[in-house]
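The values are calculated or read from the model by the stated rules, or taken from the named source; none is laboratory data. Note that the coordinates shown come from a computational prediction; the quantities given were computed from them, not determined experimentally. Methodologically, a virtual Cβ is constructed for each residue, glycine included, from the backbone with ideal geometry; neighbour enumeration extends over all protein chains shown. Keep in mind that these areas ignore ligands, DNA and RNA; they rest on the heavy atoms of the full protein, side chains included. Shrake-Rupley method; radii C 1.70, N 1.55, O 1.52, S 1.80 Å.
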Amino acid sequence: MRRFHEMLIVMAMKYPPFVIRSIVVLQICLWLMYFFPTDACAHQDTLEKIKNSGTMTWGFDAEGGAPYVFHDPAHPTKLIGFEVELVDAIARELGVEVQYFQNAWDSILLSLQRGDFDIALNGIEITPERAQSVLFTRPYYVYAEQIVVRASDNRMNRLEDLHGKKVGTLYNTEAKRLLEEMGDVAVSVYSGQVEPFKDLSLNRIDAVLVDLPIAAYYAKPNPQLRMVGGAVGEGYYGVALRREDAALAEELNKIIEKLLRTGELKKIYSRWGLWNSSQERLFLHEGLLQKYTERPPVVAERAPLAAVKFLPTLLKGALVTIGISLLSMMLAVLLGLILAMMRCYGNRWLQKASTAYIEMYRGTPLLIQLYILYYGLPNVGISLGAFAVAILGLGMNYAAYEAEIYRAGMQAIPRGQTEAALSLGMSGRLTLRRIILPQALRIAIPSMTNDFIALFKDSSLVSVVAITELTKSYGILAAASMDFFTLGIITALLYFGMSYPLSLYARKLEKRLKLHDRN
């Protein structure tokens, strides 16, 4: 550092200021390039980077990820699953360690493109749409779709029997596409693997159609469920890489082949009950792999995104959002008003009950409350539909906030007005209805408007109970098209279009009320 200071002094004496500034700026740029390499540089040779660093970063989603990758129930800090063993085998062949990177499944390919991790391996189906955005290795597993029904239900035994039924599946999967192509199937889309089987057990849906590994893990041990018919269709799981990582793809292809020849992959799949004739044919090159190698998924040129194509789905989601928000807010206003009156005018027990409700709902996350209503209540014999849970969950949560707003409004009315009304012979109830509440609600209008706009946005949380509202529709479309930006802008504009008129109306109403007060 001392030598650096001496060098700067010498330069300052010998060279003009602009030359010194240019050298300093150049030096800073070089330092930034060294310490913060750009994504382009970082992606130039991921294989070389992995070998030099001795670590390979693996992106996955362990939330409800059995039997692919999930936390061991006996040792929650440990990850298990057939893909965990596969990645460990790949890393061992590369001579590196595995660094885990938990990522939401629906955005895993987007994070891969961002450079958050080196490979994405998590039951990712190889489809032409995904192959437009990422590079896939050769398949490491052949999946098929499996129908699961309740053990007591004998109505469905093949795919055609699902016509006219309500069927659950995971979004952005081949199973969802199959069901939608059938036309008259009411498809319930889930983001987690556990939820569709819970809803099937609770009679909320008629069947589940998911990839065979998921069905085998969740349905086989459950005596309430059974797998029916043969597996439907076939597809491939592949390791996803960034498109520029051709060298890494070639190396991984060699490793997958080696793991096959040594029989290690067969051992892994057999341990998890996943080895079947499809895997046999794939890895023995007796059909499927040859077919894939000769005719890989067609990688067409990316078609320009047509917003018109996605608008109907987004608008349908927006209508669901509006319906849920309006009904929830009506419930919140009514319940909040009752809670506020209990707290202000009730006896000691009513006040305590109202306070306990408000504090409990304000002190716990809305998401947890929705889970309890939807998945917890059936344990005590109460099973509500998804739409009812969405309205109840949002309405009961926001009622706690509304109650505090109304209470503040009531307490803002001077006590003298109540005393004057009583002295004129009005009853306490009539005083509340004619004197207190009209003024309190007028005071509460700005806060109520804010709450309603906030509720609009919080309505996106109800997607956890299998409701496809606007945000969920956006997530499904964006993950399928890999265009999060354009669709995100359109979705944001739809939310803005729904909430801004409400803000304008609230301002207009406030002005009208002020004008009325002056007169």
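Does GLY317 satisfy the condition of being under 24 Å from ALA492 (Cα atoms) and of a type outside the set (Asp, Glu)?
yes
Spot the failing condition for ALA215; the list is (1) in a helix (DSSP H, G or I); (2) modelled with pLDDT under 90, and only one is missed.
(2)
State whether the residues of the stretch 36-52 include one that is part of a helix (DSSP H, G or I), touching a strand residue (DSSP E or B) at 6+ places or on another chain (Cβ under 9 Å) and modelled with pLDDT of 55 or more.
Yes, that holds for at least one residue.
Here is a list: SER383, SER423. Which entry is within 25 Å of LYS198 (Cα to Cα) and open to solvent by 50 Å² or more (accessible area, probe 1.4 Å)?
From the options SER383, SER423, the qualifying one is SER383.
Anything in the stretch 136-149 that is buried (at least 20 other Cβ atoms within 10 Å of the Cβ) and either under 24 Å from the mean Cα position of the chain (by Cα) or not in a loop (DSSP other than H, G, I, E, B) (or both)? List them, or say none.
Hits for the stretch 136-149 are PHE136, TYR141, VAL142, TYR143, GLU145, GLN146, ILE147, VAL148, VAL149.
Looking only at the stretch 386-417, which residues are farther than 27 Å from GLU469 by Cβ and in contact with a Ser or Thr (Cβ under 6 Å, 6 or more places away or on another chain)?
none
Looking only at residues in the stretch 401-438 that are in a loop (DSSP other than H, G, I, E, B) and among the small types (Gly, Ala, Ser), which one is farthest from ALA356 (Cα to Cα)?
The qualifying residue farthest from ALA356 (Cα to Cα) is GLY425.
How many residues does the stretch 256-275 hold that are of a type in the set (D, E, K, R) and either more than 34 Å from the chain's Cα centre (by Cα) or in a loop (DSSP other than H, G, I, E, B) (or both)?
Number satisfying all stated conditions: 4.
Out of curiosity, is ILE443 part of a helix (DSSP H, G or I), in contact with a helix residue (DSSP H, G or I) (Cβ under 8 Å, 6 or more places away or on another chain) and in contact (Cβ under 8 Å) with a residue 24 or more places away in the chain?
Yes, satisfied.
Condition (residue is farther than 30 Å from VAL134 by Cβ, among the hydroxyl-bearing types (Ser, Thr, Tyr) and surrounded by 17 or more Cβ atoms within 10 Å (Cβ to Cβ)) applied to the stretch 435-457: is it met by at least one residue?
For the stretch 435-457, residues farther than 30 Å from VAL134 by Cβ, among the hydroxyl-bearing types (Ser, Thr, Tyr) and surrounded by 17 or more Cβ atoms within 10 Å (Cβ to Cβ): present.
Which number in (1) of a type in the set (S, T, N, Q); (2) under 25 Å from SER499 (Cα atoms); (3) open to solvent by 60 Å² or more (accessible area, probe 1.4 Å) marks the one condition that GLN417 misses?
Looking at each condition in turn, GLN417 falls short on (2).
Just to be sure, is LEU494 of a type in the set (A, V, I, L, M), part of a helix (DSSP H, G or I) and farther than 13 Å from THR321 by Cα?
Criteria not met by LEU494.
Tell me which residues, restricted to the stretch 203-227, are out of contact with any strand residue (DSSP E or B) (no Cβ under 9 Å at 6 or more places or on another chain) and either open to solvent by less than 30 Å² (accessible area, probe 1.4 Å) or touching a residue at least 40 places away in the same chain (Cβ under 8 Å) (or both).
TYR217, PRO223
Among GLN369, GLN351, which is the only one that is within 29 Å of the chain's Cα centre (by Cα), polar (S, T, N, Q) and either more than 16 Å from ALA466 (Cα to Cα) or not in a loop (DSSP other than H, G, I, E, B) (or both)?
That would be GLN369, the only listed residue that is within 29 Å of the chain's Cα centre (by Cα), polar (S, T, N, Q) and either more than 16 Å from ALA466 (Cα to Cα) or not in a loop (DSSP other than H, G, I, E, B) (or both).
Could you please give the count of residues in the stretch 53-87 that are open to solvent by less than 50 Å² (accessible area, probe 1.4 Å), closer than 16 Å to GLY123 by Cβ and assigned to a loop (DSSP other than H, G, I, E, B)?
9
For the stretch 424-446, state whether one or more residues are farther than 29 Å from SER188 by Cα and within 28 Å of the chain's Cα centre (by Cα).
No, every residue in the stretch 424-446 fails to be farther than 29 Å from SER188 by Cα and within 28 Å of the chain's Cα centre (by Cα).
Within the stretch 232-246, is there a residue that is assigned to a strand (DSSP E or B) and closer than 16 Å to ASP118 by Cβ?
Yes, the conditions are met somewhere in the stretch 232-246.
Checking the condition open to solvent by less than 80 Å² (accessible area, probe 1.4 Å), touching a residue at least 40 places away in the same chain (Cβ under 8 Å) and aromatic (Phe, Trp, Tyr), which residue from TYR345, TYR371 passes?
From the options TYR345, TYR371, the qualifying one is TYR371.
Are any of the residues in the stretch 122-135 at negative phi, in contact with a Pro (Cβ under 9 Å, 6 or more places away or on another chain), in a loop (DSSP other than H, G, I, E, B) and open to solvent by less than 40 Å² (accessible area, probe 1.4 Å)?
Yes.
Among (1) open to solvent by 30 Å² or more (accessible area, probe 1.4 Å); (2) in contact (Cβ under 8 Å) with a residue 12 or more places away in the chain; (3) over 30 Å from ASN103 (Cα atoms); (4) assigned to a loop (DSSP other than H, G, I, E, B), which single condition is MET156 missing?
Against the list (1) open to solvent by 30 Å² or more (accessible area, probe 1.4 Å); (2) in contact (Cβ under 8 Å) with a residue 12 or more places away in the chain; (3) over 30 Å from ASN103 (Cα atoms); (4) assigned to a loop (DSSP other than H, G, I, E, B), MET156 comes up short only on (1).
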